[in-house]
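What follows is a single structure, written as structure tokens, with notes after it.
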Amino acid sequence: MAAEGKAIAKVNDLVIFVPYVVPGDVVDLQIRRKKNKYAEGEVVKFHELSPVRAVPFCQHYGVCGGCKWQVLPYQEQIKYKQKQVEDNLKRIGKIDLPEISPILGSDRTEFYRNKLEFTFSNKRWLTAEEVRQDVKYDQMNAVGFHIPGAFDKVLAIEKCWLQNDISNRIRNAVRDYAYEHDYSFINLRSQEGMLRNMIVRTSSTGELMVILICKITEDHEMDLFRQILQFIADSFPEITSLLYIINNKCNDTINDLDVHVFRGNDHIFEEMEGLRFKIGPKSFYQTNSEQAYNLYKITRQFAGLTGNELVYDLYTGTGTIANFVSRQARQVIGIEYVPEAIEDAKVNAEVNGIENALFYAGDMKDILTQDFINEHGRPDVIITDPPRAGMHQDVVDVILFAEPKRIVYVSCNPATQARDLQLLDDKYKVAAVQPVDMFPHTHHVENVVLLEIRPNTEN
């Protein structure tokens, strides 16, 4: 198995990446794309199925583009994720490593996500089987997920196994109401139509947020919008936060748009060890709440806090890790690019009575400078959880200047993490590695690495 959940075939030393198959399948392949060193193919015929294979449980498997590893038993999935982490750290990092701990699997492999976003479109995607059978639908509007590689086509989703089933019931009810009352679905090419997106967020506290996003250009459309919102409110009284956004732009991003409350609160809460985290419509929060708790516990354990440490939490987001470790630290300083996230972080600290956490908003390489460290003090521990692209060279340089005793590096991309570890290698050694599986049935994996300063570089 390789990156992006594809399996590998080799023909005359040519590496071919193939989706939706597993090691041991015997197949005929059609090459769809060829480069100098590799090719991409798809199966046109199965001759023999691998003994290491599971039956996909989702009716949309192989079409929607998600959950590509449903054909692998879960224990096989985490075995390959473990190998992915090890290969990246060894091959890219080229550094001395301790024995890597076994990956921490997820107890729940279905209905584990706390957030999903659905897209409306007037161009329903027809599966290859539907095309072969010349299926005709009276209704070509659809709500579901984008088809990979086709931004304007949406696969109509009947049941998704990623989020609590209330998500399916809400989406299908909204769809049926829109069909019955002849609402227009957006044409993503011409940007005509009303219904655009819907986001559903659930939480461990039982709270439920729904955000409906529409394009409104005429007064009567606002009346229709209110009517469908009222239908949602009446049909699902368990919704604690019903919000709406008017998006008349040509893209689906909502970060620059106003959010309006139709009913309930403008937020929900997550809970962890008695700490409450406020989640707004634009807030980032790890989408697998149970595994996020495990991830943060490992991070705190690796940090080795005694109550006397100054901790820097880089890429802090809404301050979840910073607030989570604050009880075991003297002071925590969180830095994040998104100003709204920092405001959430401050609110979360206030809600939980945390007085030893400070938060700063701005580009990491501009905020985290030598002057910043001289002003706030050299950290004893740095926790860093960067985006998939990893850390900017300037950030790595300032970390080396700061010389914390320990660095805890949380990553959703072991490849860029390995690159950064190599940059830190002269001054730090890797003391522990703990992969964590956040997203069953996908190839993504989180990885936590503990770095300790080498004895000959201590001040």
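The values are calculated or read from the model by the stated rules, or taken from the named source; none is laboratory data. Since this is a predicted model, take the numbers as computed values, not measurements. All Cβ positions, glycine included, derive from the backbone under ideal geometry; neighbour counts span all protein chains shown. These accessible areas exclude ligands, DNA and RNA; they are computed on the full protein's heavy atoms, side chains included. Shrake-Rupley method; radii C 1.70, N 1.55, O 1.52, S 1.80 Å.
Things worth noting here:
- A run of the chain free of exposed loop cleavage sites, with chymotrypsin sites (Phe, Trp or Tyr not before Pro) counted only in DSSP states other than H, G, I, E and B and at most 13 other beta carbons within 10 Å, reaches its longest extent at 138-459.
- With 0.36 nm allotted per residue and the present C-alpha distance subtracted, the residue 308-residue 238 stretch has 20.8 nm of extension available.
- Filter on 81/159; 34/153; 10/35; 6/35 - keep pairs with C-alpha separation over 20 Å: 81/159; 34/153
- Summed residue charge, Cβ within 12 Å of residue 241's Cβ, Lys/Arg positive, Asp/Glu negative: 0
- Local charge for residue 46 was computed over the other residues whose Cβ lies under 9 Å away, with Lys and Arg +1 and Asp and Glu -1, and equals -2.
- Ligands, DNA and RNA left out, the accessible area of the chain computed with a 1.4 Å probe is 48% carbon and sulfur.
- For mean projected area of the Cα convex hull in nm², the candidate list reads (i) 20.4; (ii) 30.4; (iii) 24.3; the entry that matches the value derived from this model is (iii).
- The calculated 222 nm mean residue ellipticity attributable to helices in the chain amounts to -7500 deg cm²/dmol, summing -39500 (n - 2.57) over DSSP H runs of n ≥ 4 and dividing by all residues.
- For segment 268-324, GluC sites (Glu not before Pro) meeting the loop criterion (DSSP other than H, G, I, E, B) and having at most 10 other Cβ atoms within 10 Å: 273.
- Filtered GluC sites (Glu not before Pro), segment 1-105: DSSP coil and at most 14 other beta carbons within 10 Å: 99
- Trypsin sites (Lys or Arg not before Pro) within segment 380-459, DSSP loop, no more than 11 other Cβ atoms inside 10 Å: 388
- DSSP bridge orientation in the chain - percent antiparallel, rounded to nearest 5: 65
- Euclidean distance of C-alpha centroids, segment 203-266 and segment 153-173, integer Å: 17
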